[in-house]
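The structure appears right after this line, and notes come after that.
Values in this text are rule-based calculations from the coordinates and carry no lab data. Values in this document were obtained by computation on a predicted structure and should not be read as measured data. No Cβ is skipped: glycine too gets one built from the backbone with ideal geometry, and neighbour counts run over all protein chains shown.
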């Protein structure tokens with residue numbers, strides 16, 4: 001590459017530096033769930049090719065990893081277990097593993113950095129038929145609280161708008177009939193198809209849900225049916241059944257929408 005093609009100013013330019021693994025700080029209160037076993041297998045097979053990104057505003061200004069927390073955790077486990085140094089990882093003078101880390105193009109605030117951390121995860125799933133409600137399955141029960149804090153700072157991620165957050169808040173409340181499901185993150189998908197009748201406290205709540213999800217919404221093997229409690233019948237109180245064709249048409253016929 002000739003000198004003429006290299007930018008003279010380094011503002012807004014990314015750079016990679018090798019940093020001792022022990023010095024990398026993870027993102028506090030990160031709600032993202034990780035499959036560490038798969039990450040470890042992937043790093044062992046392919047090498048370490050996806051550098052974490054450092055953001056100086058995170059952790060109250062102490063800085064931290066905004067994307068790549070799971071990969072960093074996987075490396076720590078591999079080092080602790082005495083695994084071979086993966087390709088892409090260097091050895092520091094003290095014998096510690098040194099990790100390639102991205103620096104530059106920093107967020108203007110901690111809230112903006114956290115919003116990016118969510119978009120970096122969520123937007124990898126965009127482009128198909130998955131919705132913002134499917135994204136919740138990547139996160140712990142603290143996901144909505146994390147989003148609430150970003151909303152208060154006027155820094156919602158690109159992948160989540162205010163209306164969607166309102167619906168996630170509603171779904172995170174314990175409003176499900178039958179078995180308790182306090183939120184959409186962290187619960188295990190059942191072995192067979194389940195149907196849950198979700199009774200809404202008001203017609204307004206039903207309208208809000210219907211706007212985002214429709215009167216019937218499926219996530220994995222669980223199908224949710226939303227109803228106004230004033231329209232519910234005894235038959236609709238079943239939380240698990242084989243009511244297949246009967247329920248969805250009745251929801252559509254009785255709905256005030």
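A few points about this structure:
- Euclidean distance of C-alpha centroids, the stretch 138-166 and the stretch 32-63, integer Å: 22
- Once both labels are positioned 7 Å from their Cα atoms along Cα-to-Cβ, the gap between residue 126 and residue 145 label points is 2.7 nm.
- Computed from the C-beta positions of residue 81 and residue 103, the FRET efficiency with R₀ = 30 Å rounds to 0.55.
- Residue order, fewest to most surrounding Cβ atoms within 10 angstrom, among 114, 53, 80, 32: 80, 32, 53, 114
- Burial ordering of 108, 67, 17, fewest other beta-carbon atoms within 10 Å first: 108, 17, 67
- Cα gyration tensor shape for the stretch 44-174, rounded if a/c is under 1.5, else prolate or oblate: prolate
- Estimated inter-spin distance, residue 22 and residue 94, nm [label 7 Å along Cα→Cβ]: 0.4
- For the stretch 110-170, the Rg and Dmax computed from alpha carbons only, in angstrom: 10.7, 31
- The ratio of the alpha-carbon radius of gyration of the stretch 14-103 to the globular-protein estimate 2.2 N^0.38 Å is 1.03.
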